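Structure first, commentary second.
Laboratory data are not the source of any read-out in this text; all were calculated from the coordinates shown. Given the structure is predicted, the values throughout are model-derived calculations rather than measurements. Cβ sites come from the backbone with ideal geometry, for glycine too, and all protein chains shown count toward neighbours.
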Amino acid sequence: MGRVAPGSVPDVDRWDITALILDDHNTFRRGFAALDALQGPPGEPEPAALDAVWQPLADLLDVHAAAEEEIFYPRLLRAGADGVGETVDAIGDHNDIRDAIRDAAGETVGTENWWAAVGRARAANTEHMGEEEDEALADFRRHADPAQRSALGRAFVEFKQHHRTADSVDTTDKDPQAYVAAQLPDRDPSLRIGNLRRPRETTP
C-alpha cells in the first residue's frame, strides 16, 4: 500500500455512517460559530437573524439524534466492544440536548434566557460529539465491516430526508436503560449494568 501524503487522509466511503455522523457534527460546529459571529460587530443582532441560524440548527440536532437512535445505536449495541456503555451515555446526552432546545423554544429569541438555553444545548452537544467521536464511532469502525457501515449510512440519509424538521420526529426524552433493554430483548439483563452514564458536573 502506498504511503498517504502529509496533510491528507485516506479516502472514506461517503456512505459510511460514521463519516455521515461526522459531517453532521461539523455542521453543528459551523452553526454555533455562525451564532458567535452574529454577536460580533457591528452590534446587537436582530432576533430574525438569530432565528434564521438557530432554528435549522435546532431541527438538525433533534433529527440527528433521532436518526442515531433509529439507525446507529441499535447496531452499535450488538457490534461494539462497549456498545451498552456508549449507548447509555449517548441517549443521556441526547436528552440533555433536547431539554435545552425545548427550553430555548420557550424563550424570546435573543434574550438572556434564550442565549442561556442555546449555550446549554451547545455545551451538551460539544461534550456528546467528543465522546461519540472518540468512543462510539471509533468502536464501530473497529467492529463493523465497511459494507455494513455503508448500508447503515444509506438508511441514515434516507431517514433524514424523510424527517427534515424536529416536528417530524419524537423529541421526548428517553430512558437510556429502557432503550437498551428494548434494543436487546435477548440479552441477559444482568449484563445491563445499572446507570453506566458518567455523572455530569453541576454548578451551584
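A few notes on this one:
- Note on the chain: with a GNM built from Cα contacts shorter than 10 Å, the maximum mean-square fluctuation among PRO146, PRO47, PRO185 falls on PRO185.
- √(5λ) per eigenvalue of the Cα gyration tensor, the range 59-112, largest first, Å: 29, 11, 6
- Take every Cα pair under 8 Å whose residues are at least 6 apart in sequence, average their separation, divide by the length of the chain, and the relative contact order is 32 percent.
- With the convex hull drawn around the C-alpha atoms of the range 136-184, the volume per residue stands at 112 Å³.
- One entry in (i) 30, 23, 16; (ii) 26, 21, 19; (iii) 31, 18, 15 is semi-axes √(5λ) of the Cα gyration tensor in Å calculated from the shown coordinates; its label is (i).
- Overall form of the range 51-165 per C-alpha gyration tensor (a/c, 1.5; a/b vs b/c): prolate
- Computed from the Cα positions only, the extents of the range 21-98 along the three principal axes stand at 51, 20, 16 Å, in decreasing order.
- GLU133 paired with ASP186, simple spin-label distance in nm, labels 7 Å along Cα-to-beta-carbon: 3.6
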